[in-house]
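What follows is one structure encoded as structure tokens, with my remarks underneath.
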Amino acid sequence: MTDMEEKFPRALWVRLIIYIAVGHVFAAFIYLLFEVGAGQ
């Protein structure tokens, strides 16, 4: 486990989590646009 922590520093994990969170928000926004567009 210590080997993995040494290969991946904390900054990389934070950046990865931020990218995943932003990607999910962006995908949810596009999905919402399609849902609203389909509803009209």
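Between the helical axis of 10-39 and the dominant principal axis of the chain, each derived from Cα atoms, what acute angle in degrees is found, rounded to the nearest 10?
Taking the Cα atoms of the chain, the angle to 10-39 is about 10 degrees.
Given a 1.4 angstrom probe, what's the average accessible area per residue across the chain, in square angstrom?
Working: 4080 Å² over 40 residues.
Per residue, the chain has an accessible area of 102 Å².
Give me the percent of accessible area attributable to carbon and sulfur for the chain, probe 1.4 angstrom.
72 percent
The values are calculated or read from the model by the stated rules, or taken from the named source; none is laboratory data. The shown structure was predicted, so the numbers you read here are calculated from the model rather than taken from an experiment. Note: accessible area is taken over every heavy atom of the protein model, side chains too, but ligands, DNA and RNA are not part of it. Shrake-Rupley method; radii C 1.70, N 1.55, O 1.52, S 1.80 Å.
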